Each structure stands twice: as C-alpha cells, then as structure tokens.
1. Criterion first (surrounded by 13 or more Cβ atoms within 10 Å (Cβ to Cβ), assigned to a strand (DSSP E or B), on the phi < 0 side of the Ramachandran plot and more than 17 Å from the chain's Cα centre (by Cα)) does residue 70 satisfy it?
2. Could you pull out the residue among 50, 119, 65 that is in a loop (DSSP other than H, G, I, E, B) and crowded, with 17+ Cβ neighbours inside 10 Å?
3. Looking only at region 100-117, decide whether some residue is more than 24 Å from residue 138 (Cα to Cα), within 15 Å of the chain's Cα centre (by Cα) and modelled with pLDDT of 95 or more.
4. Which condition breaks for residue 80 when tested against (1) modelled with pLDDT under 95; (2) farther than 20 Å from residue 17 by Cα?
5. Name every residue in region 83-98 that is within 14 Å of residue 127 (Cα to Cα), crowded, with 16+ Cβ neighbours inside 10 Å and out of contact with any helix residue (DSSP H, G or I) (no Cβ under 8 Å at 6 or more places or on another chain), in order of residue number.
6. Against the definition (in a helix (DSSP H, G or I), in contact with a helix residue (DSSP H, G or I) (Cβ under 9 Å, 6 or more places away or on another chain) and either surrounded by 13 or more Cβ atoms within 10 Å (Cβ to Cβ) or at positive phi (or both)), how does residue 23 come out, yes or no?
7. Consider residue 107 carefully, then state whether it is assigned to a loop (DSSP other than H, G, I, E, B) and out of contact with any helix residue (DSSP H, G or I) (no Cβ under 7 Å at 6 or more places or on another chain).
8. Looking at region 29-39, which of its residues are exposed (fewer than 13 other Cβ atoms within 10 Å of the Cβ) and either under 24 Å from residue 68 (Cβ atoms) or touching a residue at least 12 places away in the same chain (Cβ under 8 Å) (or both)?
C-alpha cells in the first residue's frame, strides 16, 4: 500500500539520491551532494512542495516536486511539476499516476489555474506518453539561461 506525505528535512539524503538517479537518466549534471546542498534552500520557500509516495515499510517509492508560479498567459497562479521520479521497482504500477493526482488535488486546494510539467525532451517518448495519458498537452518549448554570481 502506498501513502503520501510532504517531505521533511530528514528525507533530504533519500530525496537527493532519488533525484540524482533521475538526473542521471535524463542526462542532467547534478549529483546527490549538489542536490542535498540546495534542496532545503528551495524547499523552505512556501511556494515549493515535495510529495513522497511511501510504501508500507516506510521506504520511498517515488517523489514529485511542484512549484507555484504566476503568469498572465497562464491566467494567474499555476503550478509546475519540476521533478517526478518513481523508483524502478515501482514503475508501471501506478505510483507516478498517484503522485500526479496528489498534485492535482493540491492545485485544486490552492486554486491554481493549471499545472505545467518540465519534461526531459522528445527523446523520452515513454515519459511524454505518460503525461499525455494524465491529461497534459504540449504548450511549446522552453529555454533556459543560467545566471551565475
């Protein structure tokens, strides 16, 4: 049985490992140490949430992070799923779908206008198909410019 809860500071090492595994799968360059260093800085903001899917033994089966944003084009306040990771033994068992449904409930509670999702790109067709099955649709490409200090 899977239950859901918000992440706590004690979860940081497990979350860092999960996200490092996710990032290695999508050819991203952060490792667990980098993630652990910034995770609670980000999580301490009231507009960022990390939800955990936890199995009956208390182990993490999956995680999802969501940030609240605001945009005129989105019609106001909306959420962005930045990371979704289901550990390999739990894949294809509905954990990802359940995590997304938790974010939908959060969006309804917070009266967001919509939810967007950051995807790894067209090379990850299974991931894109998953989101399409969950009711997401393509709204165009996003670009990034890093700001260094």
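The values are calculated or read from the model by the stated rules, or taken from the named source; none is laboratory data. This structure is a prediction, so every number in the text was calculated from the model and none was measured. As a convention, Cβ positions derive from the backbone with ideal geometry for all residues, glycine included, and neighbour counts pool all protein chains shown.
1. Spelling it out, it is not the case that residue 70 is surrounded by 13 or more Cβ atoms within 10 Å (Cβ to Cβ), assigned to a strand (DSSP E or B), on the phi < 0 side of the Ramachandran plot and more than 17 Å from the chain's Cα centre (by Cα).
2. 119
3. No, there is no match, as no residue in region 100-117 is more than 24 Å from residue 138 (Cα to Cα), within 15 Å of the chain's Cα centre (by Cα) and modelled with pLDDT of 95 or more.
4. Single failed check for residue 80: (1).
5. 95 - this is the single residue of region 83-98 that is within 14 Å of residue 127 (Cα to Cα), crowded, with 16+ Cβ neighbours inside 10 Å and out of contact with any helix residue (DSSP H, G or I) (no Cβ under 8 Å at 6 or more places or on another chain).
6. Considered against the rule, which asks whether it is in a helix (DSSP H, G or I), in contact with a helix residue (DSSP H, G or I) (Cβ under 9 Å, 6 or more places away or on another chain) and either surrounded by 13 or more Cβ atoms within 10 Å (Cβ to Cβ) or at positive phi (or both), residue 23 comes out as yes.
7. No.
8. 33, 37, 38
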